[in-house]
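Heads up: the structure comes next, in structure tokens.
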Amino acid sequence: MNLMTTLKEEIKRHSQNIELRENEPMKKHTTFRIGGPIALMALPQNKEELMVCVKQAYKLGISPIYMGKGSNLLVTDARINRFAIRYMGGVHSMRQVGDYIIAESGVSLTQLANFALEHNLTGLEFAHGIPGNLGGAVYMNAGAYDGEMSDVVDEVLCLTKEGEEMTFSNGDAKFSYRHSVFQDGQYYVLETKMKLKTGNREEIAAKMADFKKRRQDKQPLEYPNAGSVFKRPPGNFAGALIEQAGLKGKSVGGAQVSKKHAGFIVNTGNATCKDVLELIKVVQNSVYEMAGVRLETEQEYIGE
């Protein structure tokens, strides 16, 4: 009996109702619409089911892949002999306590920004339209338009690999550019408490509308993608460097440097992970030859 079969049996022994899928195509769970089958995926519907999945995996020495909306992932085309947890339900509540919002990890960033607007709270306008959920945004310290999650996060409630709850302060989270302590795989973000400020509803709404229009005008929302591919290099912009290198519209297989915004790689219909990785190398090499800048990728790669 292999390890994944053992894990499946142990999870079912502790909770019969958890949905488990074998050889589940990862392309169904990423915004890139790319990715081969994963050996086992769990789709827990509540915190208790999630805790069972986490505990049983670590008891067997298996480090799970934690998934939200899959909006910042590039997944290999090959079969992945790993265990993924996509927390599907019971994680969408939000509540206001004064100038704070406390929200669960499954809340989308657009829902979160709209909730802040409804309560006349400013500080989350930048998050409106970012294609992901709160858990993933905290995990990678997502940001846009000169704002990022570390600006508003006060506390983060996590699940440890032992299946116990643990709270991190903003400082404990060790936020930096597109990084946090949660990326070491030891913690699953359950809930986040954010400190905002009372603001003017019309001004908040106007700012959100402006950011939405900018995204629609500049970003290739009509194609599957995983957001900005490269981190912003110091003193410059990845998209501008890529455009200067003449790479807008450059394709490898079904992967293409967006004609709308060179900082994005899009799936024009049948792109593979291999296509994307090859195109990334072309971009990195061309920009380095032109400007001496080595672009670093922002997306998380999942393989063996």
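Since every read-out is calculated from the coordinates, none of them should be taken as a lab result. Keep in mind the model is a prediction, meaning the values are calculated, not measured. Cβ atoms come from the backbone with ideal geometry, glycine included; neighbour counts cover every protein chain shown.
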Task: chymotrypsin sites (Phe, Trp or Tyr not before Pro) within the range 175-205, DSSP loop, no more than 14 other Cβ atoms inside 10 Å - done: Tyr177
TODO: Taking the Cα atoms of the range 214-304, report the difference between the largest and smallest coordinate on each principal axis, in whole Å and largest first.
DONE: 35, 32, 22
Open item on the list: Stokes-Einstein diffusion coefficient for the range 15-55 at 4 °C in a medium of 1.567 mPa s, Rh from the Kirkwood formula over Cα pairs: what value in µm²/s?
Closed with: 117
Task: Dimensionless Rg ratio for the range 196-243, taking C-alpha atoms and the 2.2 N^0.38 Å reference - done: 1.54
Task: Qualifying lysines (Cα of each under 20 Å from Cα of Lys47; at least 8 residues distant if same chain) - done: Lys8, Lys12, Lys55, Lys59, Lys69, Lys161, Lys193
- [ ] Over all alpha-carbon pairs in the chain, figure out the percentage whose distance exceeds 26 Å.
- [x] 48
Open item on the list: Could you compute the net charge surrounding Val181? Neighbours are other residues with a C-beta less than 14 Å from the C-beta of Val181; K and R count +1, D and E count -1.
Closed with: 0
TODO: Classify the range 3-86 as rounded, prolate or oblate, taking a ≥ b ≥ c as the square roots of the eigenvalues of its Cα gyration tensor: rounded when a/c is under 1.5, otherwise prolate if a/b is larger than b/c and oblate if not.
DONE: prolate
Task: Projected area, mean over directions - the range 249-298, Cα convex hull, nm² - done: 3.3
Open item on the list: How large is the direction-averaged shadow of the alpha-carbon convex hull of the range 77-156, in nm²?
Closed with: 6.6
Open item on the list: So for the range 134-184, considering every pair of alpha-carbon atoms, how many percent are separated by more than 16 Å?
Closed with: 34
Open item on the list: Using the basic label-point model (7 angstrom from Cα toward the beta carbon), what is the Tyr58 to Ala206 distance in nanometres?
Closed with: 4.9
Task: Peptides 2-15, 22-35 ordered by average Cβ neighbours within 10 Å, highest first - done: 22-35, 2-15
Task: Principal axes of the range 94-202: Cα extent on each, largest first, Å - done: 45, 26, 23
Open item on the list: Calculate log10 I(q)/I(0) of the range 164-241 for q = 0.12, 0.25 Å⁻¹, where I(q) comes from the Debye formula with a single equal point scatterer on each Cα and nothing for solvent.
Closed with: -0.65, -1.11
Open item on the list: Quick check on the range 119-278: take the gyration tensor over C-alpha atoms, sort the square-rooted eigenvalues as a ≥ b ≥ c, and tell me if it's rounded (a/c under 1.5), prolate or oblate.
Closed with: oblate
